[in-house]
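Notes follow once the structure below has been shown.
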Amino acid sequence: MAGAIASRMSFSSLKRKQPKTFTVRIATMDAEMEFSCEVKWKGKDLFDLVCRTLGLRETWFFGLQYTIKDTVAWLKMDKKVLDHDVPIEEPKTFHFLAKFYPENAEEELVQEITQHLFFLQVKKQILDEKIFCPPEASVLLASYAVQAKYGDYDPNVHKRGFLAQEELLPKRVINLYQMTPEMWEERITAWYAEHRGRARDEAEMEYLKIAQDLEMYGVNYFAIRNKKGTELLLGVDALGLHIYDPDNRLTPKISFPWNEIRNISYSDKEFTIKPLDKKIDVFKFNSSKLRVNKLILQLCIGNHDLFMRRRKADSLEVQQMKAQAREEKARKQMERQCLAREKQMREEAERTRDELERRLMQLKEEATMANEALMRSEETADLLAEKAQITEEEAKLLAQKAAEAEQEMQRIKATAIRTEEEKRLMEQKVLEAEMLALKMAEESERRAKEADQLKQDLQEARESERRAKQKLLEITSKSSYTQSMNSSTTALPTDLPSFNLISESLSFDFKDTDMKRLSMEIEKEKVEYMEKSKHLQEQLNELKTEIEALKLKERETALDILHNENSSRGNSKHNTIKKVS
């Protein structure tokens, strides 16, 4: 009894010691994950678990987002997960998203997984029209998205209509023009075909390099009021703070770059921006909620820290990541070159094989025709021989009959004719016999000539048969040679270098000479990029001119009109911010 009580007590104590858990669902841009978390876990514990699961090391760009009463909030790293204003029911859902954006995606985003997550998020924001994108740029971005998903364009695989189910353009762009889905697909495919040879990560990076120059890229907007009560918008991004008119999210009225801000603070709903230059007035504004002020301050601190971090030497961790990324890029480039060479060799081998097979079929057809001609020649020769034999026999028979007629005539002449009547009758018979003998002699001579002609035809037929046999022998010898060549060529692809993902084939020793060569290649790529940018701008202008005639002016939005005005003035995102700073 005492033992049973003791066992129950020990079991209940173990039950009390067992930590309680709760379920969390994490949604990324392309997947969902569920984790079982301990009650004592802080935001950093959950965030680190998600990053480890994804294999993400550039954690400073991301955060876990959730919604409180229609307001966006981010999980705080130093606060317990359950102490946040999250719903009671489980699983508790958080969205793993980019919280801060880079100034230059190509220089700052090192890992491929980081690039991919940014690509998916920016693409969704453009399609959802949270980032304004002009029509011609939308088509170009769509072509890079197709390259990232489908790889190189192949007209035999990517046939008309293969993009019918894809969401590639903002609905605003589609509605703005009198163009069918087929017309849009044709223009997207035309640019998609030009991206041949780009890997998925390269296509996604090209997408981000274009998207980062869009005016609304990376900007978080908040509704505010100034001291006079005027409604405005506050924009927070990687470059600084910007003040907008509510109807114009493209062009800020005034900007505060991070390096020109001395202090940012808030008290209740009032927010204060103190410029570095004390001669400039302090800017104050009010937001609708205290929670919004807290969010604005979070974004300001994070963006300011990254702004200053970019202008310092890279940390050891970032240097190691960049070195690994360069090595990985060089390795992948070598792999792609090796695969391209192998593919080219295989294609050449296949072309040679196809050509040899075609030639073999042609030789087989020629051999078949020669065989048929030979058989016809043999049949003709047999018929001629048979006809010559029959004619010769007929000539012999006629000669025999002529001899018999001659004998009969001699016998009749020798016979005495007793009466004149018999004599006359006999003379008449003799005359008829002579006429018959003459005709038979002529017929015999004609038959003999015919027999000679048939013998000559037979000789010619046999000569033709001999020539046909000789040609067939030549074709047969060529056929055997071609088959041997074909077998050796067909075996060629199996001897080609194969692509095996083993550790030996993927190891590289990067020496100083390799790094110098890589540096020279990077410089060369920069020059090529400048040339491509110029060519790209020309293409964009060409497409814009081409589809301008199909535009429905009455469907233009306010942002479309503002963008066109900025473009006509030559204003871009960066020079506009410089002007209003």
Condition check for LEU208: closer than 19 Å to ILE547 by Cβ and either open to solvent by less than 20 Å² (accessible area, probe 1.4 Å) or of a type in the set (S, T, N, Q) (or both) | no
Within the range 114-137, which residues are closer than 22 Å to GLU542 by Cα and not hydrophobic (A, V, I, L, M, F, W, C)?
-> PRO134, PRO135, GLU136
Checking GLU372 against (1) within 28 Å of SER444 (Cα to Cα); (2) at pLDDT 85 or above; (3) of a type in the set (D, E, K, R), the condition it does not meet | (1)
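Could you tell me which residue of the range 347-376 is farthest from the chain's Cα centre (by Cα), considering only residues that are under 13 Å from LEU472 (Cα atoms) and in contact (Cβ under 8 Å) with a residue 12 or more places away in the chain?
LEU374
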Looking at the range 42-63, which of its residues are part of a helix (DSSP H, G or I) and over 33 Å from the mean Cα position of the chain (by Cα)?
-> GLY43, LYS44, ASP45, LEU46, PHE47, ASP48, LEU49
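Given the criteria over 30 Å from LEU472 (Cβ atoms), open to solvent by less than 90 Å² (accessible area, probe 1.4 Å), over 60 Å from the mean Cα position of the chain (by Cα) and not polar (S, T, N, Q), does GLU404 qualify?
Criteria not met by GLU404.
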Leading residue by the ranking (modelled with the highest pLDDT) among those in the range 442-471 that are within 60 Å of the chain's Cα centre (by Cα) and open to solvent by less than 50 Å² (accessible area, probe 1.4 Å) | SER464
Pairs where the first residue, in the range 174-193, is touching a residue at least 60 places away in the same chain (Cβ under 8 Å) and the second is among the polar types (S, T, N, Q), C-beta under 6 Å, 6+ apart = TRP191/SER143
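If you go through the range 100-116 one residue at a time, do you hit one that is open to solvent by less than 10 Å² (accessible area, probe 1.4 Å), under 21 Å from the mean Cα position of the chain (by Cα) and touching a residue at least 12 places away in the same chain (Cβ under 8 Å)?
For the range 100-116, residues open to solvent by less than 10 Å² (accessible area, probe 1.4 Å), under 21 Å from the mean Cα position of the chain (by Cα) and touching a residue at least 12 places away in the same chain (Cβ under 8 Å): absent.
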Within the range 229-249, can you find the residues that are within 20 Å of ALA558 (Cα to Cα) and either part of a strand (DSSP E or B) or open to solvent by less than 10 Å² (accessible area, probe 1.4 Å) (or both)?
-> GLU231, LEU232, LEU233, LEU234, GLY235, HIS242, ILE243, TYR244, ASP245, ASN248
With the condition kept exactly as written, say whether any residue in the range 217-228 is open to solvent by 20 Å² or more (accessible area, probe 1.4 Å), free of Cβ contacts under 8 Å to residues at least 24 places away in the same chain, of a type in the set (D, E, K, R) and not assigned by the TED database to the domain that holds SER143.
-> yes
Do the conditions hold for ILE174, that is, is it in a helix (DSSP H, G or I), surrounded by fewer than 18 Cβ atoms within 10 Å (Cβ to Cβ) and not basic (Lys, Arg)?
-> yes
Could you look through the range 321-353, keep only residues that are open to solvent by 70 Å² or more (accessible area, probe 1.4 Å) and at pLDDT 85 or above, and pick out the one that is farthest from VAL110 (Cα to Cα)?
-> ARG353
Quick one: in the range 64-94, which of the residues that are open to solvent by 80 Å² or more (accessible area, probe 1.4 Å) and not charged (D, E, K, R) is farthest from the chain's Cα centre (by Cα)?
-> ILE88
If a residue has to be surrounded by fewer than 20 Cβ atoms within 10 Å (Cβ to Cβ) and aromatic (Phe, Trp, Tyr) to count, how many in the range 267-286 make the cut?
-> 1
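The values are calculated or read from the model by the stated rules, or taken from the named source; none is laboratory data. This structure is a prediction, so every number in the text was calculated from the model and none was measured. Cβ: placed from backbone, ideal geometry, glycine included. Neighbour counts: every protein chain shown. Areas reflect the complete protein model, heavy atoms only, side chains present, ligands, DNA and RNA absent. Shrake-Rupley method; radii C 1.70, N 1.55, O 1.52, S 1.80 Å.
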